[in-house]
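Quick note: the coordinates plus some simple rules give every number you see, no bench work behind them. Just so you know, these numbers come straight off a predicted model, no measurement behind them. Note that we place each Cβ from the backbone using ideal geometry, even for glycine, and neighbour counts take in every protein chain shown.
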Amino acid sequence: MELCDFKLAQDVAGSCENPQVGGLKNTGYLINYDDIDWDQLAKNSTNPNIVETLLLLKGKRAYKVVVPGKTPFTGTNVAMAQGTYRNKFTKTAAMVVLNSGPDVSKNIIDQLANGRFVFIFENKFQGADHKNTFEIYGLEQGLAANEMSNDKYSEETDGGWAVSLQETNAPSSGMFFFKTDIATTRAALVSLATGNTDDNG
């Protein structure tokens, strides 16, 4: 059995030229976990926390999640979970659904309550090489509903749904989607949302 060797491999310091900023942009992408073509998934050869190829099965697509306002996806976070043999991570994707009609109940809420998902969101902090831009939750264990509520008098959701999806026991603290450059990566995401994923690899 291989014994993993965990040793620090980079200086712990921020960048003066490209300082860290918090927050997320307003548009993310939700994918049904079982719609991913896992046989085609490819990671960077030197950094397994970077996904370079993410394709969907034929006829499947990603779904846009648009949350307006200055602080979209508030509550989205990663927390370490202490384990017996290895510490892992709990990743929470929080969002609001600003609608509550019958189609939304059937096509979104009932599915989120019972399915497994992968969520790709856009960080405001892109990093000097843009590799920080698109982060992925749920790729390792899948996101599942943790909390869902519909408070008709909620000022935060305007009477819509508050949704929290959670991935538990993820071995990595962060997974990122990046291929070649930011333009190529963004085009690949657009292709996922339209269902045209043949050129993403």
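Structure above, values below:
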item: Phe125 long-range amide H proximity, modeled H, under 5 Å; result: Val21
item: Loop sites in the range 92-129: trypsin sites (Lys or Arg not before Pro), DSSP, at most 14 other Cβ within 10 Å; result: Lys124
item: Virtual spin-label span in nm between Asp151 and Lys25, 7 Å along Cα→Cβ; result: 3.1
item: The range 1-96: trypsin sites (Lys or Arg not before Pro) in DSSP coil with no more than 12 other Cβ atoms inside 10 Å; result: Lys7, Lys58, Lys70, Arg86
item: Virtual spin-label span in nm between Asn114 and Thr46, 7 Å along Cα→Cβ; result: 4.7
item: Potential extension, Thr90-Thr194 segment - 0.36 nm per residue separation minus Cα distance; result: 34.5 nm
item: Relative contact order (%) - criterion: Cα under 8 Å, at least six apart; region: the chain; result: 26
item: Exposure rule at most 14 other beta-carbon atoms within 10 Å, DSSP loop GluC sites (Glu not before Pro): the chain longest free segment; result: 18-154
item: For the range 118-196, alpha-carbon Rg and Dmax in angstrom; result: 15.6, 46
item: Residues Tyr63 and Asp11, FRET efficiency given R0 of 45 Å [Cβ-Cβ distance, rounded to 0.05]; result: 0.70
item: Calculated on alpha-carbon atoms, Rg and Dmax of the range 60-167 in Å; result: 15.1, 46
item: Sequence-separation-based contact order of the range 39-97, relative, with Cα cut under 8 Å and 6+ spacing, percent; result: 23
item: For the range 46-96, convex hull volume per residue from C-alpha positions, Å³; result: 168
item: Rounded to 10°, Cα long-axis angle of helix 182-194 versus longest principal axis of the chain; result: 40
item: Per-pair calculated FRET efficiency, R0 = 30 Å: Thr71 and Asn107 via Cβ, rounded to 0.05; result: 0.70
item: Binned Cα-Cα distances of the chain, short to long, each 10 Å bin given as a whole percent; result: 8, 32, 37, 19, 4, 0
item: Amide H contacts of Val65 (H built 1.01 Å from N, under 5 Å, at least 5 apart or other chain); result: Gly28, Tyr29, Leu30
item: Centre separation in Å (Cα based) which lies between the range 56-89 and the range 29-45; result: 14
